[in-house]
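Here is the structure we will look at, set down as structure tokens.
Each reported figure results from applying straightforward, stated rules to the coordinates on display, with no laboratory input. Bear in mind the structure is a predicted one, so any value in this text is a computation, not a measurement. Virtual Cβ from ideal backbone geometry, glycine too; neighbours counted across all protein chains shown.
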Amino acid sequence: MEIRVDFTPMVDMNMLLITFFMLCTTMIKSQTLQISLPTNEKVHKKEQNKVKQSEAITIILDSELNSDGVPTKDFVYYYEGMPVTDADESGNLIANNMKGIAFEPNKNGAPQGVRAILHDRNKQVIEKINLLKQDWKDNKFSTNKEVNDSIYQVKAKEIRNDSTLTRPVVIIKATPNASFMSLVTALDEMQINSISRYQIDRINAVDSALMIDCKAKGLK
């Protein structure tokens with residue numbers, strides 16, 4: 001007798017298994033930027049937006065456009081606290097505390113540009129985070145990687161939200177010409193410098209006038 005094994009039903013089973021593993025397995029982890037969103041608590045908008053002048057830093061993003069309207073070069077302006085202004089003979093606003101700065105990360109191991117400003121204002125938090133990060137690298141919280149990572153994230157969040165430490169509040173504003181990449185870079189700097197309090201706001205007429213004065217002075 002000729003013995004024959006029919007493997008046709010195995011094809012259906014293999015397809016079902018492949019479909020199952022494709023749907024239940026994470027092939028690539030999503031690389032998304034974490035942003036602190038507002039809570040659902042009913043808080044008055046004016047009260048929620050109140051910030052101490054000594055803690056506030058406003059960053060204004062702008063870009064130079066080519067003939068096709070495509071951003072080619074990014075510019076960053078910032079001022080601490082409230083804008084300090086004067087008026088010239090023509091009535092134009094003069095920026096006294098707005099400065100131009102660059103998105104330069106590190107140079108010879110030292111923070112530069114926007115990162116240097118944020119690093120200096122959030123120095124206490126960064127120092128505690130760096131000590132905590134060393135304990136995390138040494139697996140002092142747990143020998144289990146997932147538990148070690150989880151404990152580190154909880155402790156790091158507590159440090160970033162510690163109201164007893166000197167922490168800045170960063171207001172990010174973008175002009176209509178600002179590139180999307182400059183906004184993403186600014187949000188990245190919030191994560192790099194462990195800044196937990198920041199918001200994206202609309203640019204107003206005073207900010208635009210001060211930025212024009214900075215451009216006239218070559219501060220860009």
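Cross-link pairs exceeding 24 Å between alpha carbons, from the set LYS73/LYS157; LYS123/LYS155; LYS52/LYS123; LYS128/LYS173; LYS73/LYS215: LYS73/LYS157; LYS128/LYS173.
Highest mean packing comes first when the peptides 55-64, 157-166 are listed by Cβ atoms within 10 Å, giving 55-64, 157-166. Remark: the SER67-THR164 segment gains 29.9 nm on full extension, using 0.36 nm per residue and subtracting the alpha carbon distance. With distances taken between every two different alpha-carbon atoms, segment 123-166 has a Kirkwood hydrodynamic radius of 10.6 Å.
Per-residue Karplus couplings for segment 5-15, computed as 6.51 cos²θ - 1.76 cosθ + 1.60 with θ equal to phi - 60°, are listed in order as 9, 8, 9, 4, x, 5, 5, 4, 5, 5, 5 Hz, Gly and Pro entered as x. The label point for ILE18 and the one for MET82, both projected 7 Å from the Cα toward the Cβ, are 6.8 nm apart.
Compared with the alpha-carbon gap, the fully stretched path from GLU146 to LYS133 is longer by 3.2 nm at 0.36 nm per residue.
Quick one: net charge of TYR152's neighbours, Cβ under 12 Å, K/R +1, D/E -1? Value of the local net charge: +1.
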